[in-house]
Amino acid sequence: MVIVSLILQFLLVFFGKKRKEYTGSWVPFFAISAWLIYLSADWMATLVLSTLLRGSMELNNELIVFWTPFLLWHLGNPYNITAYSFEDNELWLRHFLGMVIQIAEAIYIYVRFRSNTILNAMALPLFIAGVIKCAERIWALRCASQKQLIKSFYSSPISKIPNENNVIGNLKEMIRTGLFDLSKKKDFIGDPSIPSEVKYLREADLSFHIFKPLFSDLPFQISQEFHDKMVYLSNYTIADEAFNFVGIELEFLYDLLYTKNPIQYGQHLASLILRSIYFFFVISVLFAFSALLHKIKHSTVDTTVTYLLLSGAVLLEIYSFFMHLRCKWTMLRYAVPRDKLQKLYHRLVDHRLRSIRSRKGIQKMAQHDLIDYCVKFKANRFSQALKFIDTGNLLQKFGHTEWKPVDTNLKEFIYCQLKEKRLRYQKEGFKHEYLHKLLGEKGDTAIKEKDLPLENGSWNMESTDFTRRIFVWHIATALVYYDDIDRHRRGTSDSFLQIGKSLSDYMMYLVLVRPAMLPNGFSDMVNNETYSQSQRISPQTKTEKNLKVSVKKFVAALIHLPSAPTESSEIGALLEGAKFAQQLQSLVTEHRWDEGEKWKLISEVWLEMMIYAASRCTWEEHAQQLRHGGELLTHVSLLMAHLGLSTNVHRLEISPDDIF
């Protein structure tokens, strides 16, 4: 069983890395695997300790005492996954009490099976290192708990004596509420000797520290200097660069919440010493065991198990050391070519620094096409049986979700629209009353700006359920998309067509798979209602073998339906979506709109709804999704914070110059 515990440690390292980086159709697999392995690793180590604790006193096996410290190493977890979820950090005290009991068990086993052989002496340094590793894990969990995070947001100003000179000095040094430039962070970034790639990382690091209160949903003020610079984002006018910048900040946030990296970086010298001690202990014991093997009574199996444990510990420490060298926390501090050692280190990580700087931000986004699902599921002869078994619609939510690249056009569209809203907010003097109005737009403003009848008109949507609004607009977008594709109406509108369809399918994915990121609504009921309605429309698609033909007929049946009643509660989301699709197509056929103009309107409506969703989603939920590779909505939300489009971010209106 102790070998199984070791294997779980290697799997934990692999899946801990994968769950941070991977986005794609295998996300559920990696999420479930990481969860099972995380729980199994602790459970297996505890089980082995308990088994040894219940062992017989007559058990003549000197290696038992030698194996026990490795279980403490395993309980200390790899560096890249200390917590599976955000809640694990809040339960750090429970983990601490459990760890105390497990260490007490290990001590008892060590004493109970002690012998006069050299193995007792060799086990002692491993035991000490195992206890320290367990303490590291508990400390990392504690530091990432909500209470400790809030405490870490605030540093002391220059002086606590409330006189005029000190107030002026504090304002000069203030970066944001509770963060003063006492350690000269701005000089740390502005050092002319650092490479541009390192400066980029340092800017992202300071930006991450500035927005730390945001990650706990706390309101705070930012100095005029940083607010006007959009916290360094004004340096990056290209959307790919901006998305990459916030992506690095979110990686720092992931490390803070789920790994040991922040505490190791915060106490860098102590961490380096501890790592050296761990490695020295285990490699010394490996050599000593090999040299003294002929003096120890053993069996071939026991010797093999011992070598595997020692070799596994060495490999894990070597891997951890090299990952620490490649870590952003280390590079932003030491990858500055000044002395010989730093020049050597800079050459070792130069390629990684360049690759980080040249990335384009978030790579993939999920897509869920409800119309496509309804047609495909209807054509399935086992659909009724599957619906009866799958009461939670898991096949629909995860089996029908696809992933596509987040292309540059989409990122440019999002970034430009956000900067436009920032300009509108700036023209209103950064008044928070106007910001609430700006973030409360759910597509209505885009419609109003086109002079379309909204209030008591054909474009009005009575439903107050935001998720239902997403269903209606998603159905309308999908119907218009398939109708335009079928009639070859793409042309110059292709870019906006792809943007609108991508945003529509992504928001539908959030409704079905990540509903906690959206305001509460009746998403499951509307989804079931929409599916039931779809099965009663165009029944001939049931026997169609060609799914493209089926989609074509289904769309034609909906988009050419006669006008339905206006009360949304009577016609359902599917038919109301069909009504909106007819109105969108009439903009071209009756009002002589261009196809590109129509799809631009659809894209703007969807972006307004995305901004509304991003402004309502808590950062606790954003942090939870970082375990699954991160969501586009999270990246957009942090971009909005940089641009001041967050109700938690306030501009400090009093500058130091105003005092004089």
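Laboratory data are not the source of any read-out in this text; all were calculated from the coordinates shown. Given the structure is predicted, the values throughout are model-derived calculations rather than measurements. All Cβ positions, even for glycine, are placed from backbone atoms using ideal geometry, and neighbour counts span all protein chains on display.
Neighbour counts of C-beta atoms inside 10 Å place K442, K17 in the sequence K17, K442, starting with the fewest.
Taking amide hydrogens as placed 1.01 Å from N in the peptide plane, the amide H of R176 sits under 5 Å from those of S223, each at least 5 positions away in sequence or on another chain. Here the gap between Y334 and S234, fully extended at 0.36 nm per residue and compared with their Cα-Cα distance, gives a gain of 33.4 nm. For the chain, the extents of the C-alpha atoms along the principal axes are 95, 77, 42 Å, listed from largest to smallest. Sorting H400, H368, H474 from the fewest to the most surrounding beta carbons within 10 angstrom yields H400, H368, H474.
Ellipticity at 222 nm from helices only: DSSP H runs of n ≥ 4 in the chain, each -39500 (n - 2.57), divided by the residue count, give -21500 deg cm²/dmol. Among the listed pairs K185/K411; K328/K360; K147/K186; K147/K185, a Cα-Cα separation exceeding 19 Å is found for K185/K411; K147/K186; K147/K185.
Placing +1 on the Cβ of every Lys and Arg and -1 on the Cβ of every Asp and Glu, with no other charges, gives the chain a dipole of roughly 1820 debye about its Cα centre. How much FRET efficiency would the formula 1/(1 + (r/R0)^6) give for E87 and K184, where r is the Cβ-Cβ distance and R0 is 45 Å, rounded to 0.05? E between E87 and K184, to the nearest 0.05, is 0.75.
Note on E590 and L53: with the Förster distance fixed at 60 Å, the Cβ-Cβ geometry gives a FRET efficiency of about 0.15. Between T117 and A385, the modelled label-to-label distance comes to 6.0 nm, taking each label 7 Å out from Cα in the direction of the beta carbon. Relative protection proxy for 623-634, 349-360, from highest mean packing down: 623-634, 349-360 (other beta-carbon atoms within 10 angstrom). Treating r as the C-beta distance of R536 and W403 and R0 as 41 Å, the FRET efficiency rounds to 0.85.
Under the criterion of Cα pairs below 8 Å and six or more residues apart, the relative contact order for the chain equals 19 percent. Taking amide H positions as modeled 1.01 Å from N, with prolines and chain starts lacking one, the residues under 5 Å from R651 and 5 or more places away or on another chain are I222.
Around W139, with a cut-off of 12 angstrom between Cβ atoms, what is the net charge of the other residues, counting Lys and Arg +1 and Asp and Glu -1?
Working: positive: K133, R137, R142, K260; negative: E136.
Net local charge, W139 excluded: +3.
A cut-off under 9 angstrom between Cβ atoms defines the neighbours of Q224, and their net charge, with Lys, Arg +1 and Asp, Glu -1, is -2. Sequentially through region 87-93, phi angles give Karplus couplings (6.51, -1.76, 1.60; θ = phi - 60°) of 5, 4, 5, 5, 9, 4, 5 Hz, Gly and Pro residues having no value and appearing as x. Note on W35 and M1: the extension gain reaches 10.3 nm, defined as 0.36 nm multiplied by sequence separation minus the Cα-Cα distance.
Provide the net charge surrounding L72, with neighbours chosen by a C-beta distance below 13 Å and charges set as Lys +1, Arg +1, Asp -1, Glu -1. Each step should come with its number before you reach the end.
Details: positive: K133, R137; negative: D42, E105, E136.
Overall, the nearby charge balance is -1.
Across region 3-11, coupling constants 3J(HN,Hα) worked out from phi with the 6.51/-1.76/1.60 Karplus curve, θ = phi - 60°, read 6, 4, 4, 5, 4, 4, 5, 5, 5 Hz, and Gly and Pro carry x. Backbone phi angles across region 264-269, fed through the Karplus curve with coefficients 6.51, -1.76 and 1.60 (θ = phi - 60°), yield HN-Hα couplings of 5, 6, x, 10, 5, 5 Hz in residue order; Gly and Pro are listed as x.
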